[in-house]
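Chemist: Could you have a look at this structure, given as structure tokens, before my questions?
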Amino acid sequence: MAKRIDVSGLNVYYGAFRAVEDVSMTIEPRSVTAFIGPSGCGKSTYLRALNRMHEVIPGTRVEGKVLLDDQDIYAANVDPVAVRGQIGMVFQRPNPFPTMSIYDNVIAGVRLNGRRMPKAELDALVERALRGANLWNEVKDRLNRPGAGLSGGQQQRLCIARAIAVRPDVLLMDEPCSALDPISTLAIEDLIAELKTEYTIVIVTHNMQQAARVSETTAFFNLSAPGKGGMLVEMGDTNKIFTNPDKKDTENYITGRFG
Amino acid sequence: MTTTQPPQTEQPAKPPPGRRTRRRPGDLVFENSARLSGVLILVILAAVAVFLLVQALPALSENQGNFLTDTEWAPSGDAPSFGVAALVFGTLLAAVLALVIATPVAVGIALFISHYAPRRLASLLGYVVDLLAAIPSVVYGLWGITWLMPQIGPFFEGLNRYLGFIPIFAGPVASPPRTILTASIVLAVMILPIVTAVAREVFLKTPTMHEEAALALGATRWEMIRMAVLPFGRSGVISAAMLGLGRALGETMAVAMVLSPGLLIDFFLLQAGHHQTIAALIALQFPEASTLQVSALIAAGLVLFAITLVVNMAARYIVSRRKEFTE
């Protein structure tokens, strides 16, 4: 579990447009890394490139290397489906499968690829995943109710339970709290703090306080020039980024002078 | 339905000060024309039902047999006796067979267009499918007679030889194969485009976030379709199938041209002269029918009307049944 990610010289293209320019970074295992930056600076695109989810959109292309420990996830013989099994993702809007019960949502990923498990093992797995997502006590009596019937914050924790049920090495979160109220946001942030003992977590957020609260390391992205793609401006210890950044742009952004 | 407006009270409540509740003329005109259209559809439906009933009554009152349970159709002479049992059976059999053949193929084509084909091919295919839906049924009937019938004979022989132990494929195989199965295949081809077109539209509307949820869990494309696209499109596919079923139930020319009629109730799909559908019966007999025969045919039409109504209501029920899980 919990693997290191090494990115070197990563470019992401939408057709001819270079949306992410030459990003290199190391993401440490068992820690939370936050990506901040103004809208359109490519941080979500970059996040998606870390588990090859960008390939869902036609016309995208990647140059550069992403190593998960020592495995190059863009190597010719690597199946993107397998990559996504190792690197889970939680999205901006909670997206439980609307036709499935809470129980079935949690085991949706486990049931893939024709894997079969005895019912008792599945039950244990569902409980473990839901406990892991701090949701067990709220839903244990209605596991067969539709997942879409939960509140937004509960749905998002259900999605996290679904993601950790397949035991990934890394958890990518793309603005996981942007559709949630402050209390649900707090619940997710507490959860992130617990999950980092087991997983490598990368979170994109527009909320700088959130980045400061949950992460050990922060990466600041910005547009390289108006109308161009995004690039990594500065990355470092979260305390340092928020108190004494090296770059002027970073300071301007976190102090609210632009963006 | 048409009365979404709460009944107007004689004295409208006093508007809060500073807010005008005067109805704008544009709103009023639109509301009333929309209401009129809504009422009109009900009036037309009722008028059709009344017309059928009134026209059917003379024959029904002369009928010596049981209209609902008899299978013979002899609405002439001194003792006219006719029943729709065999006709209803034949109509349903042809339509359901067509649906069973067409729906899986239609879902496959729709999935290919919506999720597999490259974008250009997808739009070309979508265009072709829409065009196919516009071909008149008599053309499909001609195709069935002149092309399909000669080709399908050997296939039926094969079915009978290797699967003949299953009762529905029992011989003797008709030659030329003017059988219910041939008619159903023609019907299936006929309803394929409309079912495909509706299913494709539904599949295309699958929310991206559900597709991404599946993919991010490590689903292959087929697994993504099974987890996200098919559950989302299920009620839409049912609606599409029912649309096709409705069309197949009422289809006249293609069946009249292909099928050799008979009035039996059995499942021998490869034998000619066993089945007939209501619509084809009306089309074939109407031109030479006496007054009483016309009245009897209209009674049969009334039954078809009722069947279509029931099928549509059943479809609505199926679609609404698991609504809780589809919101």
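The values are calculated or read from the model by the stated rules, or taken from the named source; none is laboratory data. Note that this is a predicted model, so its numbers are computed, not measured. Methodologically, a virtual Cβ is constructed for each residue, glycine included, from the backbone with ideal geometry; neighbour enumeration extends over all protein chains shown. These area figures cover heavy atoms from the full protein model, side chains too; ligands, DNA and RNA do not enter into them. Shrake-Rupley method; radii C 1.70, N 1.55, O 1.52, S 1.80 Å.
Chemist: With a cut-off of 13 Å, note down the residues of region A:228-255 whose backbone N falls inside the zone around a label point 7 Å from the Cα of A:His206 toward its beta carbon.
Modeler: Counting backbone N atoms under 13 Å from the label point, the list is empty.
Chemist: Assuming R0 = 51 Å, what is the FRET efficiency of B:Ala306 and A:Asp190, from their Cβ-Cβ distance, to the nearest 0.05?
Modeler: Working: r = 61 Å, r/R0 = 1.20.
Efficiency at R0 = 51 Å is approximately 0.25.
Chemist: In peptide B:203-213, what is the residue-averaged number of other protein chain Cβ atoms found within 10 Å of each Cβ?
Modeler: Counting other chains' Cβ atoms within 10 Å and averaging over B:203-213 gives 4.
Chemist: Could you work out the mean count of beta carbons from other protein chains within 10 Å of each residue's beta carbon in A:157-166?
Modeler: Details: counts 0, 0, 3, 0, 0, 3, 3, 0, 1, 3.
The per-residue average across the peptide is 1.
Chemist: Something else: For every other residue with a beta carbon closer than 13 angstrom to the beta carbon of B:Ser76, add +1 if it is Lys or Arg and -1 if Asp or Glu, then tell me the sum. List each step's numbers first, then the result.
Modeler: Details: positive: none; negative: B:Glu62, B:Glu72, B:Asp78, B:Glu288.
Result for the neighbourhood of B:Ser76: -4.
Chemist: Please find, in a Gaussian network model of chain A (springs between Cα atoms separated by less than 10 Å), the residue of A:Ile27, A:Ile183, A:Ile241 whose mean-square fluctuation is greatest.
Modeler: A:Ile183
Chemist: By how many nm would the segment from B:Asp78 to B:Leu121 lengthen if fully extended, with 0.36 nm per residue of separation less the alpha-carbon distance? Kindly include the intermediate steps, with their values, before the conclusion.
Modeler: On the way: separation 43, 0.36 × 43 = 15.48 nm, distance 6.32 nm.
Stretched out fully, the B:Asp78 to B:Leu121 stretch lengthens by 9.2 nm.
Chemist: Take the Cβ-Cβ distance between A:Arg257 and B:Val128 as r, set R0 to 35 Å, and report the resulting FRET efficiency rounded to the nearest 0.05.
Modeler: The pair A:Arg257/B:Val128 has a calculated efficiency of 0.05.
Chemist: Please enumerate, by chain and number, the lysines with C-alpha under 19 Å from the C-alpha of A:Lys43, excluding those fewer than 8 residues away in the same chain.
Modeler: A:Lys65, A:Lys228, A:Lys247
Chemist: Whenever you get a sec, compute what percent of the accessible area on region B:47-139 sits on carbon and sulfur atoms (1.4 Å probe).
Modeler: On the way: 3420 of 4880 Å².
In region B:47-139, the share of accessible area belonging to carbon and sulfur is 70 percent.
Chemist: What shape does chain B have by the C-alpha gyration tensor, where a ≥ b ≥ c are the square roots of the eigenvalues, rounded means a/c under 1.5, and otherwise prolate means a/b greater than b/c and oblate the rest?
Modeler: On the way: a/c = 2.47, a/b = 1.20, b/c = 2.06.
Oblate, since a/c reaches 1.5 and b/c is not below a/b.
Chemist: Sketch the reach of a paramagnetic label on A:Asp181 as a point 7 Å from Cα along Cα-to-Cβ, and name the residues of region A:119-161 whose backbone nitrogen lies under 16 Å away.
Modeler: Backbone N within reach: A:150-157.
Chemist: Additional query: Keeping every protein chain present and rolling a 1.4 Å probe, give me the accessible area per residue for region B:81-326 in Å². Please list the in-between numbers first.
Modeler: Working: 10860 Å² over 246 residues.
Here the per-residue accessible area is 44 Å².
Chemist: Let me ask you something else. Can you pull the percent of region A:10-168's accessible area that's carbon plus sulfur, 1.4 Å probe, other chains left in place?
Modeler: Working: 3020 of 6380 Å².
With neighbouring chains kept in place, the figure for region A:10-168 is 47 percent.
Chemist: Okay, moving on. Would you calculate the separation in nanometres between label points at B:Glu288 and A:Ser8, each defined as 7 Å from the Cα along the Cα-to-beta-carbon direction?
Modeler: 8.9 nm
Chemist: Using helices alone, what [θ] at 222 nm do you get for chain A, with -39,500 (n - 2.57) per DSSP H run of 4 or more residues, divided over all residues and rounded to the nearest 500?
Modeler: Values: 10 runs with 85 residues, N = 259.
The per-residue figure over chain A is -9000 deg cm²/dmol.
Chemist: Right, another one. Treating only the Cβ atoms of Lys and Arg (+1) and Asp and Glu (-1) as charged, compute the dipole magnitude of the protein assembly as shown about its Cα centre; round to the nearest 20 debye.
Modeler: On the way: 51 positive and 48 negative charges, 194 e Å.
So the dipole magnitude of the protein assembly as shown works out to roughly 920 debye.
Chemist: I need the calculated FRET efficiency for the pair B:Asp266 and B:Ala314, taking r as the beta carbon distance and R₀ as 30 Å, to the nearest 0.05.
Modeler: On the way: r = 24 Å, r/R0 = 0.81.
So, using R0 = 30 Å, E works out to roughly 0.80.
Chemist: Determine the shielding of peptide B:217-226 by partner chains: average, over its residues, the number of Cβ atoms on other chains within 10 angstrom of each Cβ. Could the numbers behind the result be given before it?
Modeler: Numbers: counts 17, 16, 8, 5, 2, 0, 7, 3, 0, 2.
What the average comes to for B:217-226 is 6.
Chemist: Straight-line reach from A:Lys240: which aspartates and glutamates have a Cα under 16 Å away, not including same-chain ones fewer than 8 places off?
Modeler: A:Glu216, A:Asp249, A:Glu251
Chemist: Once phi is turned into ³J(HN,Hα) by the Karplus curve 6.51 cos²θ - 1.76 cosθ + 1.60 with θ = phi - 60°, what whole-Hz value does each residue of region A:13-27 show in order, with x for glycine and proline?
Modeler: Going residue by residue, I get 10, 9, x, 8, 7, 8, 7, 10, 10, 6, 9, 10, 6, 10, 10 Hz, with x marking Gly and Pro.
Chemist: Right, next: Using only the Cα atoms of chain A, what are the Rg and Dmax in Å?
Modeler: 18.3, 57
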